[in-house]
Structure formats: structure tokens, C-alpha cells
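Have a look at the structure below before the remarks.
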Amino acid sequence: MADPLLRLDDVEQSYGDERVLDGISFEMDRQDVQVLIGPSGSGKSTILRCINRLVEIDDGDIELDGDSIFTMDENDLRRQVGMVFQDFNLFAHLTAIENVTLGLKHVLDMDDEAATEKAERQLEQVGLLDQRDSYPAELSGGQKQRVGIARALAMDPKLMLFDEPTSALDPELIGEVLEVMRDLADQGMTMLVVTHEMGFAREAATDIMFLDDGRIVEHGPPEQLFEAPEQERTAEFLERLTALHGGIHG
């Protein structure tokens with residue numbers, strides 16, 4: 001049986017005296033779509049940032065494709081692990097296609113023609129080839145996020161991390177980003193997603209992890225967590241979320 005693509009082993013992380021991650025352990029196989037849910041401050045985004053080494057851990061280990069990420073060159077790690085941020089992180093002075101080609105040229109050393117050709121394919125994949133020459137200020141929030149996804153995909157990552165990719169969007173723009181993410185899941189992209197979009201979690205996730213206070217409280221397939229959660233804390237969180245958003249089927 002193949003080794004998991006991603007393994008976290010008893011990961012601990014703190015900010016000063018505050019313990020943020022308290023013994024986080026889980027694995028992801030290739031083509032898994034795992035969704036992290038939980039209240040604000042439970043450690044969900046910190047897990048993503050530890051995997052990408054934007055935040056260093058205090059103890060434990062994280063392996064990607066059988067190798068500890070702490071033995072890897074950080075640029076090599078970030079070539080293999082794409083990340084999509086909630087606030088887009090696009091360069092305002094660059095067009096959509098320039099944002100996508102930047103890493104291809106400066107990290108992968110592709111020439112202009114090859115980088116442009118690849119960037120156009122990625123923009124087409126997210127439905128934005130017609131906006132290739134637009135600047136971020138000329139794009140909607142949903143379009144900016146899709147450029148961010150195209151930029152991450154262009155590096156041919158083994159794993160995609162999504163940190164609340166729709167939380168900064170107007171409600172009517174959320175769907176276009178989730179549609180791109182569903183398409184990626186259907187194509188077999190391995191994805192670890194922090195989101196409050198329970199409809200996406202129910203439809204696209206292979207597994208869901210519920211976090212609270214830096215610990216994984218419950219981990220299982222969507223039907224288990226949504227229909228018959230084993231932990232009272234999980235049921236309480238989902239009930240509150242359902243009351244707030246009017247359901248988890250959307």
C-alpha cells in the first residue's frame with residue numbers, strides 16, 4: 001500500500017504561552033479532499049501554515065511524500081504545496097497573467113513563452129482567460145480568488161491548501177470559487193480545506209476533521225459527522241452552525 005501523501009505526527013505549536021495546536025496527528029492519501037471545520041481560534045488555519053512552513057512547529061513532525069518537510073528547501077516545499085489565501089494575496093501592479101507567470105519564471109525558471117502558455121492554460125481552467133490582462137483592481141473578489149487558485153495550480157503542486165477561500169467574498173460570488181474547487185476535487189487534486197461552507201464539505205470531502213481548542217475532536221466521512229456525530233462537542237458545533245446558516249445542505 002502506498003505511503004500517505006501527507007502525515008502529521010503529534011504536532012505541537014504555540015504562540016508564546018498560548019498552545020494553538022495540541023498533538024495534531026492525521027494522514028492524507030493522494031486524491032483525498034479533507035476539510036477542517038471548527039470554531040474560530042481552534043487551530044485550523046495554523047495547521048495549513050505549519051504544513052507550508054509559514055509557521056514553525058514546536059514539536060512533532062510533518063511528512064510530505066515520505067520526507068520530513070523540515071529537511072526540504074523551503075522553496076521546493078512551496079513548489080509542491082500550493083496555498084490559496086482568504087485575502088487573495090495578488091500583486092496589485094501585475095495583471096492576472098503576470099500574477100500567474102511570476103512563480104513560473106522566478107521559481108521554476110521557465111522562459112517567457114513557456115510561462116505565458118502555461119499561465120493561459122491555468123486561467124482557462126478557472127474560467128478567466130478572457131481576463132488575462134486585467135489588474136486585480138478590475139476584478140471581482142471571486143475572480144481574484146480564481147486567479148489565486150490558477151497561480152497555485154501553475155506550479156503543479158502535489159497538495160493544495162485552501163485557507164477559508166470564500167470568507168472574504170460577497171455571497172453571490174462564493175459559488176464560482178466553490179465550483180472551481182469541486183472541479184479540482186473531481187480531477188483528483190489532493191486538497192486540505194479550511195472552510196465554513198458545509199455544503200461543499202458534504203459534497204466534496206472524503207473526510208472531515210472537527211477541531212476545537214487545538215485538538216482533533218472527531219475525524220470521519222461527511223455522512224458520519226453530519227448525520228451521526230460521535231462526540232457531543234461536534235453535534236453542538238454543527239447545530240449552532242445550522243441555526244446560523246439555515247442548514248448545511250447548500
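The values are calculated or read from the model by the stated rules, or taken from the named source; none is laboratory data. Model, not experiment: these values are computed from the prediction. Cβ sites come from the backbone with ideal geometry, for glycine too, and all protein chains shown count toward neighbours. Heavy atoms of the whole protein, side chains included, go into the accessibility calculation; ligands, DNA and RNA do not. Shrake-Rupley method; radii C 1.70, N 1.55, O 1.52, S 1.80 Å.
Here are some notes:
- When residues of the stretch 121-137 are limited to those that are in a helix (DSSP H, G or I) and surrounded by 17 or more Cβ atoms within 10 Å (Cβ to Cβ), the one farthest from the chain's Cα centre (by Cα): Gln131
- Of all positions in the stretch 59-76, none carries a residue that is within 20 Å of the chain's Cα centre (by Cα), of a type in the set (Val, Ile, Thr) and closer than 26 Å to Ala168 by Cβ.
- Within the stretch 220-231, the residues that satisfy the criterion of being closer than 23 Å to Ser45 by Cα, surrounded by fewer than 17 Cβ atoms within 10 Å (Cβ to Cβ) and of a type outside the set (S, T, N, Q) are Gly220, Pro221.
- Test: residue in the stretch 143-159 that is among the aliphatic types (A, V, I, L, M) and more than 20 Å from Phe91 (Cβ to Cβ): yes
- The test for being closer than 22 Å to Ile208 by Cα, open to solvent by less than 70 Å² (accessible area, probe 1.4 Å) and β-branched (Val, Ile, Thr) does not hold for Ile57.
- Residues of the stretch 67-118 satisfying the condition of being in a loop (DSSP other than H, G, I, E, B), of a type in the set (S, T, N, Q) and open to solvent by 30 Å² or more (accessible area, probe 1.4 Å): Gln86, Asn89
- All positions within the stretch 186-200 that are under 14 Å from the mean Cα position of the chain (by Cα), modelled with pLDDT under 95 and not aromatic (Phe, Trp, Tyr): Thr195, His196, Glu197
- Within the stretch 154-168, the residues that satisfy the criterion of being open to solvent by 20 Å² or more (accessible area, probe 1.4 Å) and under 15 Å from Asp87 (Cα atoms) are Glu164, Ser167, Ala168.
- Residues that are at pLDDT below 95, in a loop (DSSP other than H, G, I, E, B) and under 21 Å from the mean Cα position of the chain (by Cα) within the stretch 214-248 comprise just one, Ile248.
- For the stretch 174-188, the criterion of being in a loop (DSSP other than H, G, I, E, B), out of contact with any strand residue (DSSP E or B) (no Cβ under 6 Å at 6 or more places or on another chain) and open to solvent by less than 10 Å² (accessible area, probe 1.4 Å) is met by none of the residues.
- If only residues of the stretch 189-213 that are among the charged types (D, E, K, R) and assigned to a helix (DSSP H, G or I) are counted, the one that is least open to solvent (accessible area, probe 1.4 Å) is Arg202.
- Residue match in the stretch 154-165 (condition: closer than 30 Å to Arg233 by Cα and part of a loop (DSSP other than H, G, I, E, B)): yes
- Among the residues of the stretch 25-46, the one identified as open to solvent by less than 20 Å² (accessible area, probe 1.4 Å), over 14 Å from the mean Cα position of the chain (by Cα) and over 16 Å from His196 (Cα atoms) is Phe26.
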